Structures are given as structure tokens and as C-alpha cells.
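Structure first, then comments.
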Amino acid sequence: MLQSYFHPNTIEAGCDEAGRGCLAGPVYAAAVILPDKLPKFDLIRDSKQLSLDQRQQARAFIQTHALAWAVASCSPEEIDEINILNASFLAMHRAIDQLAVRPELLLIDGNRFTPYLGITHQCIVKGDSKYLSIAAASILAKTYRDEYMLSIEPEYPDYGWKTNKGYPTVEHRNAVRRLGATPHHRKTFKIK
């Protein structure tokens, strides 16, 4: 069962990203502040454990019931310039910047983070399977990124983004070898 909070009586924002391991497209991040008393809902968990339909249901629930939420991204050009890890942190900072409620603590999925000025943070490995707010952030980041990849897929149908969402599947790698990179590809990522 996921934990509702890290510290009681603290405004906590869960933060997570999606698309770090992709060859193409932006990296997305979300920040979510949930209320103390969240209505019972069984679909807030690590986004990778949910079907597409379940993720959409969970997204609607989160956006309706969260005290505050925001989604932001970093472009492939930014990823190439500052590297994927720093771009993931920057996308999280951008999401935090947009929150309508200022958090007192950031719960970060993973083991590293660039501190956000004026707000303490706690890194939590596999946090999306431990804390509701991080799981909620993982769902928003994943659904928004997937929507973006589907929106650009018609321009480049031969890369299989409808199914692989830019991840390095065999089909995607073979398409890049055969057709070359698109403007959406990260130039610093190696295709093995």
C-alpha cells in the first residue's frame, strides 16, 4: 500500500519524470500535491503497472482531486545540451515552478536531484511504488508525454512511435538506421 505522506502535516509535492530512456521526444516531468484526505481510488500507483485506460482514469482523478499539479518538459535540444539527467531535473523544476500551491517538501523519485531553491527535498528510490504523490506524478508525466509522441507520430509513421513512444525498441532502432534521425531525436543518444 502506498504511503500518503513522508512527513505528517507538511505540504509535499511528489515529482517524477517520463521518457528518460527514449531516443526521441522530450523528457516530461510532473509535480503533484495531494490533499490529506484523498477519496478512495485504487489506480494511483506506478504508471508502468497501469494499462492505457487505467492511466487515463487515474489522470482524470488526479487532476480533479489534487491540491495542485503541473506538467513540464525539456526538449531534445535541451537534453543534448545539458544531458538527460540534468534535463530531467530541469523539467521537474519547471513543473514545480507552475504549482499553484507552494510545497514545503519535494519527494523525488530516484536517488539524485538538483536542489530547488527554498524547498527541501527527499530522494526516494522507486518512490513511485512507495508514495501516492510520486505515483500520481508518474501518471501525469507518462500520459502527457505519450500524448505528445502520438501527436507527432503521423509526421514520422515509420518509426513506430504509436507503439514505442520513442523508446529504443528494435523497430525504432532499425528505423533510425534505415531512415536516419528526425528533428525529434536526441543526437547525443547512441543507437546500439
Considering every residue within segment 56-70, establish whether at least one is in contact (Cβ under 8 Å) with a residue 24 or more places away in the chain, farther than 24 Å from residue 23 by Cβ, out of contact with any Ser or Thr (no Cβ under 6 Å at 6 or more places or on another chain) and of a type in the set (Lys, Arg).
no
Across segment 132-144, the tally of residues that are surrounded by fewer than 24 Cβ atoms within 10 Å (Cβ to Cβ) and within 19 Å of residue 36 (Cα to Cα) stands at 1
Going through 46, 53, 16 one at a time, which residue ends up being closer than 29 Å to residue 162 by Cβ and surrounded by fewer than 12 Cβ atoms within 10 Å (Cβ to Cβ)?
53
For segment 38-77, which residues satisfy the criterion of being of a type in the set (Ser, Thr, Tyr) and in contact with a helix residue (DSSP H, G or I) (Cβ under 9 Å, 6 or more places away or on another chain)?
47, 73, 75
Limited to segment 117-127, what total is found for residues that are surrounded by fewer than 24 Cβ atoms within 10 Å (Cβ to Cβ) and assigned to a helix (DSSP H, G or I)?
0
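For segment 128-192, give me every one of the helices (runs of 4 or more DSSP H) that falls completely inside it and has 3 or more residues that are under 16 Å from the mean Cα position of the chain (by Cα).
132-152
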For segment 114-133, pairs from a residue that is over 20 Å from residue 69 (Cβ atoms) to a residue that is modelled with pLDDT under 95, with Cβ under 7 Å and 6 or more apart or across chains, are none
Out of the residues in segment 121-175 that are touching a helix residue (DSSP H, G or I) at 6+ places or on another chain (Cβ under 8 Å) and among the aromatic types (Phe, Trp, Tyr), state the one that is nearest to residue 21 (Cα to Cα).
161
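The values are calculated or read from the model by the stated rules, or taken from the named source; none is laboratory data. Predicted, not measured: the structure shown is a model, and the values here were computed from it. Positions of Cβ are generated from backbone atoms using ideal geometry, with glycine treated the same way; all protein chains shown enter the neighbour counts.
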